[in-house]
Amino acid sequence: MMIQASFNPVQTGEGYDIVISGRVFDAISNESIPNAVLSIQVTDPQGTSVHVAIAYSTQNGLYQDSFLLSSTSLGGNYTAFLVAEKPGYDTANLTLTLAFSSPDYLIETSSGSLSIEQGQAVTLTVTVLSLRGYNHAVNLTAINQPGVNIQFDPASIIPSGSSTVTISVAADAQLGNRTTTLLGVSGSLSHRVTVQLYITQGPVQVIYPILGLAIVVVAAAIFLVLFVRRSRGRRQREAVVEELLKQASGDSGYVATARAIARLEELRALGKVDEATYQKLKKEYEKRLEKTE
């Protein structure tokens, strides 16, 4: 019994789907052997086992198996060890090698967790590492949390390189733990890394006593303006009353008194005579009119 096998790497969003497929057949007649049991083991370049599986050949002697290599997997030779067994046949062995060298990149941070006060900012470093010769621009961005602002300098890196990340927290940001995600995007490849933020109580703001003092000053200014306006209005009304009184005492004739009443009504309509003064003068003028009739 013989084994035929090949690798067929297919790139996916998670990395590379490595398909192992082939045929089990008779070494003399070349006829396909169905229902053979295949044991499959794959090791990485350091000899560590990364995949173990059992497969069975079909009526046509065909079989297939697959495993995933992430884009951050070690570069180098991956070795598949295949053993086929079936009663009545000799055991067949096959060793197959895959050279994994797809270019990619990796994102790392100088710290995975940070403590920051409300209203403050901290910085950390994001490093973009080239894997297997990757040399395309990687654009950096972040999934911001409410009350948290993140900026990169620079925001685009050709691996390998670093960027300074400034994380600012609003003065009213919610206290407690936050998980912030930093992203690297380059063409169809994207990788992410998370940073834990612990937001603590910020320093006591001195703005409140200052604000209170400002309110007192503004209120005092408004009161002063209103007081001046009222005083000015009161003096104006007093002057109007004096004018009416002089007019009334200077000429007590019928025509003069009628004119004074008309003038009083006009001043009342303009709001220059208060109601009490209006009623008092009106009664006095009306009495004079009665006397002159």
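What follows draws every value from the coordinates through simple rules; no lab data is involved. It should be emphasised that the depicted structure is a prediction, and the values quoted were computed from it without experimental measurement. All Cβ positions, even for glycine, are placed from backbone atoms using ideal geometry, and neighbour counts span all protein chains on display.
If contacts are Cα pairs under 8 angstrom and at least 6 residues apart, what is the relative contact order of the range 2-100 in percent? Present the calculation step by step, with values, prior to reporting the outcome.
Numbers: 235 pairs, mean separation 28.7, N = 99.
Normalised by residue count, the contact order of the range 2-100 is 29 percent.
Relative contact order of the range 104-200, please, whole-number percent, based on alpha carbon pairs below 8 angstrom and at least 6 residues apart.
35
Work through the residues other than THR164 whose Cβ is under 15 Å from its Cβ and net out their charges, Lys, Arg +1 and Asp, Glu -1.
With Lys, Arg at +1 and Asp, Glu at -1, the neighbours total -2.
What is the packing order of peptides 89-99, 59-69, taking the mean over residues of other C-beta atoms within 10 Å and listing the highest first?
Most protected by this proxy first, the peptides run 59-69, 89-99.
In straight Cα distance, which aspartates and glutamates are under 16 Å from LYS287, not counting same-chain residues fewer than 8 positions off?
ASP251
Going by how many other Cβ atoms sit within 10 Å of their own, how do ARG178, ARG263 line up, fewest first?
Lowest to highest Cβ neighbour count: ARG263, ARG178.
Pop the C-beta distance of VAL193 and ILE54 into the FRET formula with R0 = 41 Å and round what comes out to the nearest 0.05.
Numbers: r = 36 Å, r/R0 = 0.88.
Between VAL193 and ILE54 the formula returns 0.70.
Can you grab the distance from the C-alpha centre of the range 1-39 to the C-alpha centre of the range 57-110, Å, no decimals?
The two parts, judged by their Cα centres, are 10 Å apart.
At 4 °C and 1.567 mPa s, what whole-number value in µm²/s does Stokes-Einstein give for the translational diffusion of the range 104-200, with Rh from the Kirkwood sum over Cα pairs?
95
Taking 0.36 nm per intervening residue step and subtracting the Cα-Cα distance, what contour gain separates SER113 from VAL19 on full extension?
The SER113-VAL19 span can extend by a further 30.0 nm.
Evaluate the distance, in nm, between pseudo-label points positioned 7 Å from the Cα of THR164 and of GLN279 along their respective Cα→Cβ axes.
Distance between label points: 7.8 nm.
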